[in-house]
Amino acid sequence: MNSPRGSGGGAQSRGCRHGRERTKMRLYAMLVMALSFGLLGSGTAQAQLGPGDKAPPIVTAKWFKGTPVTEFENGKVYVVEFWATWCGPCRVSIPHLTELAHQYRGKVAFAGISVWERDDAYLDKVDAFVKEMGDKMDYSVAADDKAGTMAQTWMTAAGERGIPSAFIVDQHGKIAWIGHPMSDLGPTLDKVLAGTWDVAAYQKKRTREQAEEAAQQRLNTQLSTLMQQKKYREALKVLDAEIARDKAKEELYATGRFAILAYVDEARAQTYAADIARRLYAKDPARLNQLAWMVIMPNGQLKKPNYKIGLQIAQLAATASKNNDPDVLDTLALAQYRNGQKAVAIKTQTRALALARKRGTPAQSLTEMEQRLKQFRSGK
């Protein structure tokens, strides 16, 4: 699962699982930190809570919407989902959760719990957020207490360091599934409700995935250290050795390899970007979009960006997303502008803004998109 992690303790270290949404990182060095599951240097905690275990109690500071979930009744199925007001991918997943809540109404109770908020006055922020979302967030919503009880007893205990994250609690009050709400939540609910969900098999699969993630984090830490020491060629050698050992790893690490290679040889890096865009990510708009942005981003590491390659990749991303993703179109518009296609860029950016407003994109991102449109129109 794609889940950028934080690098240490405390709420500030927690990250968002980006799912289909890409993040426009301003410091190029941070792109290197996205080699695998996101930010590097963090280990994977030993999980103490997993599938088959009794679900911990629900402890909240306040319920803001819907019927409070205070206990798990025998015979009922629940989805307990964790999110935060500052998490962009959480905002994207909320309408999907609402769709599922409507689809399984009367069969499954949904509860969204805000965790890892970054302000002492977080209850006011959560309240404002819930009101802003309106009908898009149509299920029970609460906030964790100041002690972070839910974050500790659920997320940390399960080894989960990224949000959004959802837990299915079965008819016996036990954890049946843990994962990104945009990934397999609906199909798994169907099996849990039908009594055909194999918890034991899922637990084995999850244990195997967590072991693989721990190994990846160890590699990430090694690469992060080398990058911080500016030993770029050595970092590239280490990563290439890992990919040679397991060819399947290239898809996971390709964007990170591009970022490292850019420090060694910009021309080779951008040729590699064009290659992996078609060979590995042709049907993955999020990866393509991230890659295109890494090539064309303003004030990026590349001293001589190849805007033609950036445009080619951005066009692939637009096609893969059926020209209907505002983030992808925002990148495409900038790529078009960089290639001298001013009129086309203005048209693309105008559509990107319209889609972004319709989707409920955060104000800061909207402002950045509006500023780019002004830039295109002014020709500066």
Task: Any chance GLU73 is within 25 Å of the chain's Cα centre (by Cα) and assigned by TED's automatic domain parsing to the domain that holds ASP190 - done: no
TODO: Tell me, please, whether a residue that is of a type in the set (Val, Ile, Thr), in a strand (DSSP E or B) and modelled with pLDDT of 95 or more can be found in the stretch 191-203.
DONE: no
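Listed here are the residues, each with its yes/no results for (1) farther than 30 Å from GLU209 by Cβ; (2) of a type outside the set (Asp, Glu).
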position	(1), (2)
LEU226	no, yes
ARG233	yes, yes
VAL238	no, yes
TYR253	no, yes
GLU266	yes, no
TYR272	no, yes
MET297	yes, yes
PRO305	yes, yes
TODO: Scan the stretch 85-138 for residues that are under 22 Å from ILE58 (Cβ atoms) and of a type in the set (Val, Ile, Thr) and jot them down.
DONE: THR85, ILE94, THR98, VAL108, ILE113, VAL115, VAL126, VAL130
- [ ] Consider only pairs whose beta carbons are under 6 Å apart and that are at least six residues apart or on different chains; among these, list those whose first residue lies in the stretch 317-331 and is within 13 Å of ALA356 (Cβ to Cβ) and whose second residue is assigned to a helix (DSSP H, G or I) and hydroxyl-bearing (Ser, Thr, Tyr).
- [x] LEU329/THR348
Open item on the list: Cβ-Cβ under 7 Å, sequence separation 6+ or interchain: first residue in the stretch 100-129 and touching a residue at least 60 places away in the same chain (Cβ under 8 Å), partner loosely packed, with under 13 Cβ neighbours inside 10 Å. Which pairs?
Closed with: ARG118/GLN12
- [ ] Could you tell me which numbered condition ALA282 fails, if it satisfies all but one of (1) over 30 Å from GLN103 (Cα atoms); (2) modelled with pLDDT under 95; (3) of a type in the set (A, V, I, L, M, F, W, C); (4) not in a helix (DSSP H, G or I)?
- [x] (2)
Open item on the list: Let me confirm something: among GLU81, GLU73, which residue is at pLDDT 95 or above and farther than 30 Å from ALA215 by Cα?
Closed with: GLU73
Task: Residues of the stretch 355-380 satisfying the condition of being of a type in the set (A, V, I, L, M, F, W, C) and either outside any helix (DSSP H, G or I) or touching a residue at least 24 places away in the same chain (Cβ under 8 Å) (or both) - done: LEU355, ALA356, MET369, LEU373, PHE376
Open item on the list: What's the total number of residues in the stretch 281-299 that are within 15 Å of the chain's Cα centre (by Cα) and farther than 22 Å from ALA345 by Cβ?
Closed with: 2
Task: Residues of the stretch 238-258 satisfying the condition of being among the β-branched types (Val, Ile, Thr) and either within 13 Å of ALA277 (Cα to Cα) or in the same structural domain as TRP293 (by TED's automatic domain parsing) (or both) - done: THR255
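The values are calculated or read from the model by the stated rules, or taken from the named source; none is laboratory data. What you see is a predicted model; the values in this text were computed from it and never measured. Cβ sites come from the backbone with ideal geometry, for glycine too, and all protein chains shown count toward neighbours.
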